[in-house]
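The values are calculated or read from the model by the stated rules, or taken from the named source; none is laboratory data. All values reported here derive from a predicted model rather than from experimental measurement. Virtual Cβ from ideal backbone geometry, glycine too; neighbours counted across all protein chains shown.
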Amino acid sequence: MQVSVENTSALERRMTIGVPAERIETEVNKRLQQTARRAKIPGFRPGKVPMSVIRQRFEEGARQEALGELIQATFYEAVVEQKLNPAGSPAVEPKSFEKGKDLEYVATFEVFPEFTVSGFETIAVERLSADVADGDLDNMLDILRKQNVRFEEADRAAQNDDQVNIDFVGKVDGEAFAGGSATGTQLVLGSGRMIPGFEDGLVGAKAGEERVLNVTFPEDYQNLELAGKAAEFTVTVNSVSEPKLPELNEEFFKLFGIKETGLDGFRTEVRKNMERELRQAIKSKVKNQVMDGLLAANPIEVPKALLENEVNRLRVQAVQQFGGNIKPDQLPAELFQEQAKRRVELGLIVAEVVKQFDLEPDEDRVRELIQEMASAYQEPEQVVAWYLKNEQQMNEVRSVVLEEQVVDTVLQKASVTDKSVSYEEAVKPVEAPQAD
């Protein structure tokens, strides 16, 4: 087998492979002999059909099959021989394809980038630390109560945080517009659900009252036909209901699967959940800083095949998340290009760190992580048992632990600053950078 390789770009390779005619004919004859043993042809007993008849009827198909399999086999042999690591399937172009002659074809493909991860000492990480104070716990209990608020009809004027039941008709330039009218709509004043000025205009209204609201759609409103336009809404208030927060009692505790523990027991369970959330938030922020640092210190070129595969994965995830009748390939690739590029780059860099430092998942940490995740459920023992019996899920947990070990490896060499902050600051999501 003759093999030559040409570097057409940093990652693309153009490999020309020649396969001797003898090897082709051997594979073709092997298939014809197999066919001869089982072929059923009128006038001949099974296994007694002359090879000339077999060749006449089946040689073309046997040759096409042999050539297809030979291309796959010889491509694999060639990349092993040349010590290449293909990223994705090759594009194959036959150069010579005649019976009785050597097969010659060209395989064009990308390879994984070869690099060494470096620059650990240039990575700066701010590692937060915080505690769940009693005040933080009290605030969380208030949030839980507000999330389970009930509304009771009130015989008074509406105010912010009240829920009003309304009918309304909206008009632009004196004409009603699609989606601008509704009946029996429940609206919490101050929720920001409606366009600016709408909810404020209903503060002070009573049941049975009609109000005319003059408002303007925002310039960035999703319906471009309405963006920036003045509108008039005629609103009828059907009822006004005031919020009633639930009491911290056994009935309320049962909503969260916590029974017969009293207020102290409920506070203990909520605190545990907050502490778990705190640990995860701090770990996530450290990880993001490490990953950002690795990307900045190790710019690499990404194989187009890997990038395309990741874009397609993100398309499928988007369709699954948002539903609808749209197909994944109908979503523009540009929507996912940046996220896909980051994922692929990090995947390659993390894999290289694992290789450089001979990292393997720490099974003790795997078990600890499973127990940590299981502690969020009412029957943690059952969750742990389920993981231990499910090899696929166990491997996913091992992948998470291995990534954590990569972060720990980087932190040993990075510039790390510890900072004590409040619980709220520690769990607050990092704001995305604003576009210029």
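The residues listed here are A182, A178, A227, A207; of these, the one that is of a type in the set (A, V, I, L, M), in contact with a Ser or Thr (Cβ under 7 Å, 6 or more places away or on another chain) and either in the same structural domain as R156 (by TED's automatic domain parsing) or touching a residue at least 24 places away in the same chain (Cβ under 8 Å) (or both) is A207. From the list L11, L32, exactly one residue is in contact with a Lys or Arg (Cβ under 7 Å, 6 or more places away or on another chain) and on the phi < 0 side of the Ramachandran plot. Which is it? After applying the criteria, what remains is L32. Contact map, region 7-29: residues that are assigned by TED's automatic domain parsing to the domain that holds K101 and closer than 20 Å to E77 by Cβ paired with residues that are charged (D, E, K, R) and surrounded by 13 or more Cβ atoms within 10 Å (Cβ to Cβ), Cβ distance under 6 Å, separation 6+ or inter-chain. Pairs shown: G18/D102; G18/E104; P20/D102; A21/D102; V28/R63. Only one of the listed residues (F115, F109, F120, F75) is under 30 Å from D418 (Cα atoms) and either aromatic (F, W, Y) or touching a Leu at 6+ places or on another chain (Cβ under 6 Å) (or both). That residue is F120. Within region 167-190, does at least one residue satisfy the condition of being touching a Lys or Arg at 6+ places or on another chain (Cβ under 8 Å), at pLDDT 95 or above and closer than 30 Å to K287 by Cβ? So far as region 167-190 goes, no, none of its residues is touching a Lys or Arg at 6+ places or on another chain (Cβ under 8 Å), at pLDDT 95 or above and closer than 30 Å to K287 by Cβ. Among the conditions (1) without any contact (Cβ under 8 Å) to a residue 40 or more places away in the chain; (2) outside the structural domain of A374 (by TED's automatic domain parsing), the only one that K272 does not satisfy is (1). When we screen T74, T108 for residues that are within 35 Å of the chain's Cα centre (by Cα), of a type in the set (S, T, Y) and surrounded by 14 or more Cβ atoms within 10 Å (Cβ to Cβ), the only hit is T108. Can you confirm whether region 134-143 contains a residue that is surrounded by 12 or more Cβ atoms within 10 Å (Cβ to Cβ) and under 30 Å from I17 (Cβ atoms)? No, that holds for no residue. Taking every residue in region 389-408 that is assigned by TED's automatic domain parsing to the domain that holds V290 and pairing it with any residue that is crowded, with 18+ Cβ neighbours inside 10 Å and among the aromatic types (F, W, Y), at least 6 positions away or on another chain, the pairs with Cβ-Cβ distances below 7 Å are Q393/Y387; M394/Y387; V397/Y387. The number of residues in region 266-325 being of a type in the set (D, E) and under 12 Å from E345 (Cα atoms) comes to 3.
Can you pull out every residue in region 410-429 that is surrounded by fewer than 18 Cβ atoms within 10 Å (Cβ to Cβ) and not hydrophobic (A, V, I, L, M, F, W, C)? Q412, K413, S415, T417, D418, K419, S420, S422, E424, E425, K428, P429, listed by residue number. Of everything listed in (1) among the hydrophobic types (A, V, I, L, M, F, W, C); (2) surrounded by 12 or more Cβ atoms within 10 Å (Cβ to Cβ); (3) part of a loop (DSSP other than H, G, I, E, B), the single unmet condition for L187 is (3).
Restricting region 18-40 to residues that are modelled with pLDDT under 80 and not in a helix (DSSP H, G or I) leaves a set whose member that is surrounded by the fewest Cβ atoms within 10 Å (Cβ to Cβ) is K40.
Give me a count of the residues in region 297-334 that are under 21 Å from T116 (Cα atoms) and either without any contact (Cβ under 8 Å) to a residue 60 or more places away in the chain or under 15 Å from the mean Cα position of the chain (by Cα) (or both).
Qualifying residue count for the region: 2.
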